[in-house]
Amino acid sequence: MTGAHGDPIDGLDEALAAVDAFDRALCGGLLRPRPDEADALTAFAASLTGTPLATRVAEAAEKAAAGAASEDHFLTLAAARTALLGAVHDAVLLRADEIAGRSRTDADTTAEATGAAAVPVLAAARSWLGDLVRAGWQGIDHEMISGAAQVVSAMLPNPELRRLATLLDGFAAELAASCPGATLERVPARRWGDLWSRAMLLTVPGAAEPALTGTATGRLLPLGVDVHEHSTAAQAQVHAVLEPADGSPPRLVRAAVSVPRPDTVVGAGVWQLMRPHMSLLAAVSEGRSMQLTDMPVTAEGDLIWSDEHASAGAPADAFATARVALPTAAVAPTAALDRHPARIAVPVFLEGYGTAGGGEEELTFTVAGTPLGVDTDRIPTAGPLTPEAVAASKACIALLRWDAGAFRVQPLAVEATVRRKNVAVHAGGWAGGTTDRNGVKAEKAATDSVAALRERAGRLLRK
């Protein structure tokens with residue numbers, strides 16, 4: 001990693017202040033905005049002056065300030081908020097690429113909207129989201145939140161709508177856990193504003209469809225696994241380097257698997273839900289590469305994983321990949337809807353750093369004289385990697401993230417010296433199964449829980 005990153009980024013604070021102004025207005029609701037909320041909407045619209053959205057946003061903000069906004073106006077405001085955070089994303093990502101010493105390719109990631117047959121259920125979702133912001137986060141109640149259930153149920157049978165369905169389901173669950181809104185001591189305004197804006201834009205037909213640009217053939221070298229867990233869903237995202245068979249330069253790619261997650265499945269149990277859907281998880285655990293043949297891939301470098309297009313490859317050490325292939329791997333552009341600073345996750349390899357903190361204090365790596373906070377809270381419980389192992393490490397494969405105005409690293413794997421031997425520990429070490437004693441114990445507990453759920457589901461189906 002090279003380059004300084006302590007200098008302020010021009011315009012960043014102003015853009016985030018405009019987003020915060022809009023989020024304040026959503027707290028009280030847009031049915032009868034108070035004078036201060038109306039002023040916040042005006043300030044938000046002013047931040048878009050000089051952009052192609054300026055006229056439409058000004059009109060939408062004026063209508064919203066008067067309590068007369070329609071769902072189309074809400075959609076415009078959601079698009080404007082997303083555009084502002086997209087600009088923040090681009091500025092921060094440029095700095096992250098400077099730090100990592102990596103270039104990014106340019107490409108058109110715009111997809112034409114399709115899916116007209118799904119318009120009625122998308123309109124129903126937009127109507128529910130409109131009701132939410134009219135009431136405001138402080139005005140939500142269980143009756144209002146329950147309206148999402150019917151919309152989600154109607155979407156789930158359609159694979160093209162499951163992305164939005166999962167988002168709405170999780171969002172509704174969060175809101176329901178906070179009802180009634182009038183009693184909330186603290187509103188997570190930025191997070192709920194993010195979820196609402198993203199959901200509104202996904203109600204546009206075709207917005208959730210990936211922009212496929214072709215297929216990938218070659219050797220896939222896994223770097224590590226990033227695990228995301230929510231009360232209703234879980235996802236494993238494998239970051240890897242693809243060495244194309246045609247001899248073109250290597251590039252960074254991702255492959256993800258997402259599954260619904262019942263409350264009783266915790267820890268290592270999430271792997272049992274995911275394994276049947278992605279053979280790549282076994283390759284990660286076993287330290288192997290995979291050979292891809294005509295695997296569909298999007299313009300953003302996301303593999304649309306299908307086991308039919310993959311086969312087991314030769315052993316491949318993730319740290320060897322990080323040392324040799326990662327520095328020269330090209331990075332794909334970011335999709336329009338994914339341009340958000342919270343979604344920045346740049347794979348990096350760190351070595352020879354100093355460590356400080358740990359325990360109750362935040363762990364810090366000092367790289368080339370610059371301290372970087374280590375986000376140990378993101379280390380999944382479904383793996384052998386621990387904060388203690390990270391603190392004792394001498395090399396690390398990580399994701400460079402941007403959080404609360406500063407860059408931090410999320411460890412995916414570390415290397416340490418144990419009894420004069422190099423030992424690697426991976427966050428996704430149990431992804432495909434394990435013989436590790438702690439892993440076997442966690443697997444046993446998860447197996448019992450998953451088996452009980454399957455038996456219960458079988459009884460319901462038989463009835």
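Fraction of C-alpha pairs exceeding 22 angstrom in the range 317-455: 47 percent, rounded to a whole number.
With K and R counted +1 and D and E -1, the other residues having a Cβ less than 15 Å from that of Arg219 yield a net charge of -2.
Asp246 to Arg437: extension gain in nm, 0.36 nm per residue of separation minus the Cα-Cα distance? Walk me through the intermediate numbers first.
Details: separation 191, 0.36 × 191 = 68.76 nm, distance 4.24 nm.
Length difference between fully extended and current span is 64.5 nm.
In straight-distance terms, cross-link reach from Lys444 covers every one of the aspartates and glutamates whose alpha-carbon lies under 15 Å from its own, apart from those fewer than eight places away in the same chain; here that gives Asp436.
For Ser279 and Asp7, the difference between the fully extended length at 0.36 nm per residue and the C-alpha to C-alpha distance is 93.6 nm. Spatially, the range 211-238 and the range 330-381 are offset by 18 Å when compared through their Cα centroids.
Kindly state, to the nearest 0.05, the FRET efficiency for Glu174 paired with Ala123, given R0 = 22 Å and r defined as their beta-carbon distance.
Details: r = 23 Å, r/R0 = 1.06.
Rounded to the nearest 0.05, the efficiency is 0.40.
Quick note: the coordinates plus some simple rules give every number you see, no bench work behind them. What you see is a predicted model, and the numbers here were worked out from it, not measured in a lab. Virtual Cβ from ideal backbone geometry, glycine too; neighbours counted across all protein chains shown.
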